[in-house]
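The values are calculated or read from the model by the stated rules, or taken from the named source; none is laboratory data. Remember, it's a predicted structure, so these values are computed and weren't measured experimentally. Cβ placement follows ideal geometry from the backbone for every residue including glycine, while neighbour counts extend to all protein chains displayed.
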Amino acid sequence: MLNVERPRSEIPPGTLEMLILKTLKRFGPLHGYGIAKCIQQTSEDVLRVEEGSLYPALQRILIKGWVTAEWVQASPKRRSRIYQLTQEGRKQLLAEISEYRRVRQAIERVIEPA
Amino acid sequence: MEWWDKTRRRVAVLWHRDRFDRDLEEEMQSHLEMRAEENRENGMDAAAARHAAKRQFGNATALKETSREAWGWRAADELARDLKLALRTLRRGPGFAAIAVTTLALGIGLNMAVFTMVYKVVLRPVNYRDVGRLMDVHLILTEERRGTIPMSWSYPKFQELLQGNSSFEALAAFQAQVLTLGGVDEQRLTAEIVSAQYFRMIGVNAQLGRVFVDEEDTPAGASSAMLISDGLWRRNFGGDPGVVGRTLHLEGVSLTIVGVMPPGFKGETGRTEAWASMAAYLMRTPHPGRGAHNLEAIGRLKPGVSPRQADEDVRQLVARMEREHPTDATGMTKWSGGARPLLEARVDPEVRRALWILQAATVCVLLIACVNLANLLLGRGAARRRELAIRLALGTSRGALVRQLLVEPMLLALAGGAAGLFLAAGALRALGLIFPAAQQWGFNFEYTRFIDPESFRIELPLAVCGVLLALATGIAFGLLPAWQAARADLNQGLRGGLEAAGPRHIRLRNGLVVVQMALALVLLAGADLTIRSFAALLATNFGVETRNILTLNVQPRTRDDAVSRAFYSELERRAAALPGVVSAAVSSMLPAYDTGQGTELRIDGQGPAILTGVNWNSPAYFGLFRIPTLAGRVFDERDGENSPRVVVLSESAARRFFPGANPLGRRIDYPDMRRNRTGVIGEVIGVVGDVKYGPPGAKTRPVVYSSTLQNRPGWFLEVRAARDPRPLVPALREIARTLDPEARVYDVRTMDQVIGLTTWRARLAAVLLGLMAALSLALAAVGIYGVFSYAVAARTREMGVRIALGAGRERILGMVLREGAALSAAALAVGLPVAWALTRTLSSQLYRVSAADPVTYVSVAALLLAVALLACYLPARRATRVDPVEALRHE
């Protein structure tokens, strides 16, 4: 199949962590690649993460204790590091979403024609 | 806590850094593989799939770096690098490192030691549960002659306090006494009778058995409950857990041990070893009278009640009590009451003052040490200007440079702090030796707590304080040099050697030297005053000759007067007959030791009563102490029980009782304590020289001497030996035991030891302040030496030129010394007024020395000047030896 190039958007800065948390909440424990794919697919390919940038973001939320990571043997020759949302991560997600909504509404009010 | 969790995760990962890198690598690799697989499934060929995967992934190396940084390791890495750099710098100058660490160890260690002492003696003399809410509740007696003194409660009055007050949620009574513990090895120990409430209130529980219960406040049966200290338990019972239930005899009362108190708990006196329940008190005095004031009270404030409110409440309560049952119907004495915080009541105000002054002096020493190190670092900074300039030129930011330059002092400070910790432990052991084993805690004590050197241990909170102090010290002496070095002018720095440091740098260092010399001067002045005051105390003329005199407190078991009198006269006779003994005497008062209870006397049987000390002594007493007879004669063996009663007056007693008249042949009424009768008349037969009873600082008071042959016997045995009397002790004990197998002998001391007991506070202050001052002087000398060495080195070329142009070596020497003198003069100008102002605080501690004494200021100024000139003489001599050719070639 041909890779149809559609216009893609960079994710707004600061929201990557929220997207990771939400993805983990919706789909359960995932590895890094899984998270990237899920974000891409749920956004219907509009949002495209520069996949590698997931990893620094994952470190940040690991430090904050919002997710935990664990190695599992995915196949005989491959291990995967699976990330799982913690209770704190859940709380943080709610906070970030409501903050995001507030900002979005504010922006929309500004740009909507009066 | 969130911060803590984060740090914990960070550290946990930092610990396994290699694994982290491997994990990240593996994770990213598998990501790429999975993406490539999917790309292949979508129809790409293998190479294109891999390529696309990589493109989508982004810059893996940079991402790894960002991931790593997320964990905050960059700071750790940089710190590690700075540490390595600082260590290398220190290794290059081991002499500097050694001096710095030693100086800091002294400064920090002494501060920790002294603060531990301040903490244990002044801030937390007792460490009870919520001790800030505990109050010392007392009566106050106001008497015309003696002024205002805090008094104990009587049992009935305490009961009224319990019921009548509205400020305390709990009140406990106690009575402290020095008692004799019966048994095979009889020993004297401090015991307290306490009410059951006491232990509940202070929140201290028994380590073995239990504390008292309320039922034990009243007698039931023939025995009463008792608790023993951990020390007594280990000493007397070998730590036997079966001790509970054993019975002991304390001063004739039979007591059953119900528990053992935890280690370190030493009661209200600070050295209590046994506690008896209130039942023991009531067993000894079944019907305590209103006037028998012998119970101390401690209360815990109700929530919301302030100490001041409690004080007022007690005052009003006592006023009410006095209206209903006046204590003194004659109205000559006035009774009131009050309450003050327990922590305040348990500290000897004199000791508190002395220790705070000592703490201030110790902080001064640390400040001087800091100034020294700052100065040394400034010198090194100047020597490293070129290196630092190069690093600045190569792009190190000034902030980073300050940080790097601070790492070195911090390292030094931490090393100094660690060494200081050990030094403090040693210093505390030495400090313990300055506190006498038996501090004067005698007849009319006001519950000054015994200072227990055993409690001088560095505990965790104090050690933490020490580490913080070390860090603060590091910043204090490191910041200025680091900042100074980092703001260096690049251009100049790259060009010059030492000289490029410039005059501003020299001024700064000179300023620091002036500061430390001024500080040292303040300490020297304080120490000088204290030491001279102590010397004056030591030089006190007690009016007696004290060499080779041994004193013992001897008590026969008997209460019968005739038996007791026979016991003492036989004791005296046999003691005097011992080989090596010159003479022996007995008396009721001991020079220097006690002021003697006031006894009411009347002159010629009339006039107002005069409160005077009466010494019952045997005839040999005057000769033994070499007390001169000034008029008439002293009593002797002929003045026996059946002869006319006679008395001898001290010189000041004669002057005071019979001003301008001949006292001989006059009569004095004095009470016969033995028969509890007054009106016995004694005829004055002689006047002897004044003897100072009581500590050297006290006034010499009039004393009346009465013969033990005619009145009651004394209880001190004094023995004058031909040489050191201490080897006589076993023989003397043996004599006492032969005369009365149950006789008790204690407080065995030489007269010099007795005098030492009365001057220990002054000795403490003199020794410690002297030590601090000597240390500060030494540190200041090192500082001056350092700065001048540097200044001379920096001006080698100038010196060379001067010498080449014909300046004599003396002129060079004079030039450097003049600069030293100028700095000293500046230090004196700053230090003398400060010392003058600060030594005011010492005034109340000084004996026969005025805090404004010019001798002190002149001598310490001269000392400082001499040391300063010596410290700059050595570098100055080096300056005169500069070889002009060598110096001019220097650049």
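Here B:ALA536 meets each of (1) surrounded by fewer than 16 Cβ atoms within 10 Å (Cβ to Cβ); (2) out of contact with any strand residue (DSSP E or B) (no Cβ under 9 Å at 6 or more places or on another chain) with one exception, condition (1).
A count restricted to the stretch B:51-68 and to residues that are more than 60 Å from the chain's Cα centre (by Cα) and part of a helix (DSSP H, G or I) stands at 11.
Inclusion of B:LEU301 among residues that are within 30 Å of B:LEU181 (Cα to Cα) and under 39 Å from the mean Cα position of the chain (by Cα) is not warranted. Do the conditions hold for B:ARG749, that is, is it surrounded by fewer than 21 Cβ atoms within 10 Å (Cβ to Cβ), at pLDDT below 85, of a type in the set (D, E, K, R) and within 30 Å of B:TRP715 (Cα to Cα)? Against the criterion (surrounded by fewer than 21 Cβ atoms within 10 Å (Cβ to Cβ), at pLDDT below 85, of a type in the set (D, E, K, R) and within 30 Å of B:TRP715 (Cα to Cα)), B:ARG749 does not qualify.
Yes/no matrix, rows are residues, columns are (1) surrounded by fewer than 17 Cβ atoms within 10 Å (Cβ to Cβ); (2) over 30 Å from B:LEU846 (Cβ atoms); (3) in contact with a helix residue (DSSP H, G or I) (Cβ under 9 Å, 6 or more places away or on another chain):
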residue	(1), (2), (3)
B:PRO303	yes, yes, yes
B:MET321	no, yes, yes
B:HIS325	yes, yes, yes
B:MET332	yes, yes, no
B:SER336	no, yes, yes
B:VAL347	no, no, yes
B:ALA354	no, no, yes
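Within the stretch A:47-82, if we keep just the residues that are part of a loop (DSSP other than H, G, I, E, B) and facing chain B (nearest Cβ under 7 Å), the residue that is nearest to A:LYS25 (Cα to Cα) turns out to be A:GLY65.
Within the stretch B:737-784, restricting attention to residues that are among the acidic types (Asp, Glu) and not in a helix (DSSP H, G or I), which residue is nearest to B:ASP528 (Cα to Cα)? Here the answer is B:ASP747. The single condition among (1) under 23 Å from A:TRP66 (Cα atoms); (2) more than 10 Å from chain A (Cβ to nearest Cβ); (3) surrounded by 14 or more Cβ atoms within 10 Å (Cβ to Cβ); (4) of a type in the set (Gly, Ala, Ser) that B:SER67 does not meet is (2).
From the list B:ALA191, B:ALA176, B:ALA220, B:ALA206, the one residue that fits, being assigned to a loop (DSSP other than H, G, I, E, B), at pLDDT below 90 and assigned by TED's automatic domain parsing to the domain that holds B:SER306, is B:ALA220. Name the one entry in B:ARG559, B:ARG565 that is over 17 Å from B:ALA762 (Cα atoms), assigned to a loop (DSSP other than H, G, I, E, B) and either at pLDDT below 90 or aliphatic (A, V, I, L, M) (or both). Being over 17 Å from B:ALA762 (Cα atoms), assigned to a loop (DSSP other than H, G, I, E, B) and either at pLDDT below 90 or aliphatic (A, V, I, L, M) (or both) holds for just one of B:ARG559, B:ARG565, which is B:ARG559.
Criterion applied to B:ALA113, B:ALA75, B:ALA80, B:ALA48 was being in a helix (DSSP H, G or I) and in contact (Cβ under 8 Å) with a residue 12 or more places away in the chain, and the one residue passing it is B:ALA113.
A residue that is surrounded by fewer than 14 Cβ atoms within 10 Å (Cβ to Cβ), free of Cβ contacts under 8 Å to residues at least 24 places away in the same chain, within 9 Å of chain A (Cβ to nearest Cβ) and more than 60 Å from the chain's Cα centre (by Cα) occurs nowhere in the stretch B:23-31. For the stretch B:752-763, give me each residue that is surrounded by fewer than 20 Cβ atoms within 10 Å (Cβ to Cβ), more than 17 Å from B:PHE716 (Cβ to Cβ) and of a type in the set (D, E, K, R). Correct list: B:ARG763 only. The test for being within 11 Å of chain A (Cβ to nearest Cβ) and assigned to a helix (DSSP H, G or I) holds for B:ASN39.
In summary, strands (runs of 3 or more DSSP E) completely within the stretch B:616-722 and bearing 3 or more residues that are at pLDDT below 90, more than 21 Å from B:GLY543 (Cα to Cα) and out of contact with any Leu (no Cβ under 7 Å at 6 or more places or on another chain) occur at B:667-672, B:677-688. Anything in the stretch B:305-334 that is closer than 13 Å to B:LEU161 by Cβ and in contact with a Leu (Cβ under 8 Å, 6 or more places away or on another chain)? List them, or say none. Hits for the stretch B:305-334 are B:ALA310, B:VAL314, B:LEU317, B:VAL318.
Going by the conditions given, is B:VAL363 crowded, with 20+ Cβ neighbours inside 10 Å and of a type in the set (A, V, I, L, M)? No, not satisfied. Cβ separations smaller than 8 Å between residues 6+ apart or across chains give the following pairs from the stretch B:396-422 residues that are under 16 Å from B:ALA374 (Cα atoms) to residues that are surrounded by 23 or more Cβ atoms within 10 Å (Cβ to Cβ) and aromatic (Phe, Trp, Tyr): B:PRO409/B:PHE477; B:ALA413/B:PHE477. Flag: B:PHE199 does not match the condition of being outside any loop (DSSP other than H, G, I, E, B), among the aromatic types (Phe, Trp, Tyr), within 36 Å of the chain's Cα centre (by Cα) and closer than 30 Å to B:PRO326 by Cβ.
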